[in-house]
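For reference, the structure is listed below as structure tokens.
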There are 2 protein chains.
Amino acid sequence: LIRMQELTVKVPATKPGEYKIEIGTGILGVVWSKIESHFGRGGKFVITDANVVAAGHLDKLLSGRNVPSYVITPPGESSKNMVMLVSILEAMEQAYLGRDTVVLALGGGTVGDIAGFAAAIFKRGVAVMQIPTTTLAQADSAIGGKTGVDSSLSKNAFGAFWHPSAVYIDVATLKTLDDRQYKAGLVESVKHALIADEKYFKFLENNLDAILQRQPDVLEKVAYYNCRIKAEVVEADPTETNQRRMLNYGHTIGHAAEMASGFELLHGEAVAIGIIAAGMIEIEMGLGDDNRVEMVRKMLTALGVHTEIPRNISKTTLMDAIRRDKKAINKWPRFVLIDKIGSVHSKEGQWAIEVGQEVVERVVEKL
Amino acid sequence: LIRMQELTVKVPATKPGEYKIEIGTGILGVVWSKIESHFGRGGKFVITDANVVAAGHLDKLLSGRNVPSYVITPPGESSKNMVMLVSILEAMEQAYLGRDTVVLALGGGTVGDIAGFAAAIFKRGVAVMQIPTTTLAQADSAIGGKTGVDSSLSKNAFGAFWHPSAVYIDVATLKTLDDRQYKAGLVESVKHALIADEKYFKFLENNLDAILQRQPDVLEKVAYYNCRIKAEVVEADPTETNQRRMLNYGHTIGHAAEMASGFELLHGEAVAIGIIAAGMIEIEMGLGDDNRVEMVRKMLTALGVHTEIPRNISKTTLMDAIRRDKKAINKWPRFVLIDKIGSVHSKEGQWAIEVGQEVVERVVEKL
């Protein structure tokens, strides 16, 4: 006879919170005083990368202040790994930072993701403020609290949900972004329009030239559209149990293509391929037609992003990467699909749905 | 003129939760069926260490089932670092585990801390069940959701709050624990009595022999006392903003001594020194007297734990380690002190209070 005593431990609810996103042009120079007024006492630690420093953004943020900083080298996705994370965490510890620290993530998606993750696990969690400087990060990664690093096998394999305490978006920082990065990052804006807002899709169509010319007033509107759409989805489902999955539109095959290319494809470029692949799955499933896919392909092409998969990526590698998707169950992920522009298809209340392996294989063959 | 637009993102409250702790003797063989009934569908991954395997506990848990496992080698605190964490995470990924995974942490404090942390950050968080097999882990580390690894500079430098989904305590696993580990782990029980329950302190005093003889019925009672006390404190303040700090009694100087010894001191041995140091600070601050400190020292000695700091630990190293405490503000930690046995001293509503650096230096000199 085995005797067992039982106790129950209650885990109380966390308090609801909120954070502000501020959007403007040329605001980098005044951000520090805002940070000081909100988080005056704690230690500060800036995480950025070599490109951002070269573009002069770090100097603009600090205006001569002496703040411990970590500059990620080389910049880009290849540095978003556990080795770099440990190096950042050790630098934070060397700076004698306490639990009242605020991490400032100044840069693109790589900087924001790894800095947010470092903040999430440094002494079991300190505050982070996101100051995104790329089209990708301003549209997407700086908002919503997803942080993490890649493993050798998959994107964002290890990470945490860790909401920022504030987000500052200065569209003037986009001026210095190199052309390929700039264009690739716009793909997340197209994604937002596709899943949530047909009016936004039309806005993008009507302002393609102004966007490519990096006109601040239009870029501020783009940022505002993106933040509003993403915030709404994230608020409804912060830890991605269901509804938030719609933000993964184009990302299941996109992430896999990014991994399979060994990061030769930029994230946005890979997502562009994933969006077209999703469109082709929609056709196979009777949810879309050639016209819609062509309209989307036309916009992506107009933004200067390729929608064909590079020849040197093998279809076998791509299929294996799809099976390793973070959200896979029994080695097969679910897919987000749209009914029409601005509206995600849901089935039995689920926003990511089952798609047969043979359907995906057929589509991958055609990519 | 700088124009700024503002958006607010709401972060909703998390739902309240709870988990069960089951305590018994010889229950390891029936735990798996309980896990299957609660978490039938998800993948399982066992994290354990070489000592636990040698003691036969892994075989008992699995009874011939084929489950992917990671065996930490060498066992002990020296393996509780980022390199080991990455190795575990990569093994989990190689096993194609999804977000519906349950990690089973079978072992002592090191196993529980690193396995809980791995679960917290694998794909941004999967479930973990704690199956502690040491006096330390059963009394303390398996409950309450603190997870993490050490850096080269400080204990639990990086980690997360990540509550287990269930805890199974089989006091029969303590039978095979080596004598030094067994005794050191009892120090956390003494700590619980000191901060929360004089009756428990008396129970320990009256049952020293039975405890040292590892009598199952007494050990179950000890486990129950520990879990009840710890659960109550953790429920009131899960993320250690204030009240939970009382569980750090003896740990500020304890952690520092553990680091300064290069982990030659076991955690419990270091905390025993820290408890005596806290007692000496209490005397300096007029909160305690020699008699009480001697009574505590007598119990620790009866349990076979040394309360003197080893000669080879330099006081300078110890003081530097104290300044690196995770909870330090401006390079100086706060201290938890007691008024009397069973009652923590609070000041202006704070459970960890300021103690002058010169007071701590005097006490460290006398250790």
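The values are calculated or read from the model by the stated rules, or taken from the named source; none is laboratory data. The model shown is predicted, which means the values in this text are computed figures rather than measured ones. Because the Cβ atoms are built from the backbone with ideal geometry, glycine has one as well, and the counts that use them run over all protein chains shown. For accessibility, only protein heavy atoms count, side chains too; no ligands or nucleic acids. Shrake-Rupley method; radii C 1.70, N 1.55, O 1.52, S 1.80 Å.
List of remarks:
- The set of residues in segment B:110-159 that are within 8 Å of chain A (Cβ to nearest Cβ), closer than 23 Å to B:Leu186 by Cβ, at pLDDT 95 or above and open to solvent by 10 Å² or more (accessible area, probe 1.4 Å) contains only B:Lys146.
Here is a yes/no grid of residues against (1) buried (at least 17 other Cβ atoms within 10 Å of the Cβ); (2) over 20 Å from B:Lys123 (Cβ atoms):
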residue: A:Asn206; (1), (2): no, yes
residue: A:Asp209; (1), (2): no, yes
residue: A:Arg214; (1), (2): no, yes
residue: A:Tyr225; (1), (2): yes, yes
residue: A:Glu232; (1), (2): no, yes
residue: A:Glu240; (1), (2): yes, no
residue: A:Leu265; (1), (2): yes, yes
residue: A:Ile275; (1), (2): yes, yes
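- Note on segment A:87-97: among residues that are under 17 Å from B:Arg324 (Cβ atoms) and modelled with pLDDT of 95 or more, the one that is farthest from the other protein chains (Cβ to nearest Cβ) is A:Ala91.
- Failed condition for A:Asn81, given (1) open to solvent by less than 70 Å² (accessible area, probe 1.4 Å); (2) among the polar types (S, T, N, Q); (3) more than 12 Å from chain B (Cβ to nearest Cβ): (3)
- Any hit, segment A:177-184, residues being more than 29 Å from A:Val364 (Cα to Cα) and assigned to a loop (DSSP other than H, G, I, E, B): yes
- For segment A:324-342, the set of residues classified as in contact (Cβ under 8 Å) with a residue 12 or more places away in the chain and open to solvent by less than 50 Å² (accessible area, probe 1.4 Å) consists of A:Arg324, A:Asp325, A:Lys326, A:Lys327, A:Trp332, A:Pro333, A:Phe335, A:Val336, A:Leu337, A:Ile338, A:Ile341, A:Gly342, listed by residue number.
- Residues that are farther than 17 Å from B:Ser141 by Cβ and among the acidic types (Asp, Glu) within segment B:236-272 comprise B:Asp237, B:Glu264, listed in sequence order.
- Each residue in segment B:179-202 was checked for being open to solvent by 40 Å² or more (accessible area, probe 1.4 Å), touching a residue at least 12 places away in the same chain (Cβ under 8 Å) and either small (Gly, Ala, Ser) or more than 30 Å from B:Asp320 (Cβ to Cβ) (or both), and 4 pass.
- If you filter segment A:352-367 down to residues that are outside any helix (DSSP H, G or I) and without any contact (Cβ under 8 Å) to a residue 40 or more places away in the chain, you find that the one that is most open to solvent (accessible area, probe 1.4 Å) is A:Glu354.
- Failed condition for A:Asp100, given (1) within 14 Å of chain B (Cβ to nearest Cβ); (2) closer than 22 Å to B:Met4 by Cα; (3) of a type in the set (Asp, Glu): (2)
For (1) more than 7 Å from chain B (Cβ to nearest Cβ); (2) loosely packed, with under 15 Cβ neighbours inside 10 Å; (3) in contact with a His (Cβ under 6 Å, 6 or more places away or on another chain), each residue gets a yes or a no:
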| site | (1), (2), (3) |
| --- | --- |
| A:Ile2 | no, yes, no |
| A:Gln5 | no, yes, no |
| A:Val11 | no, no, yes |
| A:Tyr19 | no, no, no |
| A:Ser33 | yes, yes, no |
| A:Arg41 | yes, yes, no |
| A:Lys44 | yes, no, no |
| A:Ile47 | yes, no, no |
| A:Val53 | yes, no, no |
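- Flag if A:Val187 is under 12 Å from the mean Cα position of the chain (by Cα) and farther than 23 Å from A:Ala127 by Cα: yes
- Out of A:Glu240, A:Glu220, A:Glu235, one residue alone is farther than 21 Å from A:Leu177 by Cα and part of a helix (DSSP H, G or I). It is A:Glu235.
- Reported count of residues in segment A:201-215, each being out of contact with any Leu (no Cβ under 9 Å at 6 or more places or on another chain) and in a helix (DSSP H, G or I), is 5.
- Of the strands (runs of 3 or more DSSP E) lying entirely inside segment A:1-66, those carrying at least 2 residues that are under 25 Å from A:Leu177 (Cα atoms) and touching a residue at least 24 places away in the same chain (Cβ under 8 Å) are A:17-24, A:44-49.
- Exclusive hit being within 14 Å of chain B (Cβ to nearest Cβ) and either of a type in the set (A, V, I, L, M) or under 18 Å from A:Glu188 (Cβ atoms) (or both), set A:Ala328, A:Ala270: A:Ala328
- Of all residues in segment A:84-98 being touching a helix residue (DSSP H, G or I) at 6+ places or on another chain (Cβ under 9 Å) and within 16 Å of A:Ala127 (Cα to Cα), the one that is surrounded by the fewest Cβ atoms within 10 Å (Cβ to Cβ): A:Tyr96
- Failed criterion for B:Val293 (all others in (1) in a loop (DSSP other than H, G, I, E, B); (2) farther than 26 Å from B:Ser78 by Cα hold): (1)
- Taken over segment B:21-31, the criterion of being of a type in the set (A, V, I, L, M, F, W, C), within 7 Å of chain A (Cβ to nearest Cβ) and open to solvent by less than 10 Å² (accessible area, probe 1.4 Å) is satisfied by B:Ile21, B:Ile23, B:Ile27.
- Residue tally, condition of a type outside the set (D, E, K, R), in a helix (DSSP H, G or I) and at pLDDT below 95, over segment A:67-86: 1
- Only one of A:Gly349, A:Gly286, A:Gly279, A:Gly304 that is open to solvent by less than 30 Å² (accessible area, probe 1.4 Å) and away from chain B (no Cβ under 14 Å): A:Gly279
- Residue in segment A:99-114 that is assigned to a loop (DSSP other than H, G, I, E, B), more than 22 Å from A:Ile143 (Cβ to Cβ) and in contact with a helix residue (DSSP H, G or I) (Cβ under 9 Å, 6 or more places away or on another chain) present: no
- The lone criterion from (1) part of a loop (DSSP other than H, G, I, E, B); (2) within 22 Å of the chain's Cα centre (by Cα); (3) closer than 19 Å to A:Val363 by Cα left unmet by A:Pro310 is number (2).
- Filtered residues of segment A:162-175 (kept if touching a helix residue (DSSP H, G or I) at 6+ places or on another chain (Cβ under 8 Å) and either open to solvent by 30 Å² or more (accessible area, probe 1.4 Å) or modelled with pLDDT under 95 (or both)): A:Trp162, A:Ser165, A:Ala172
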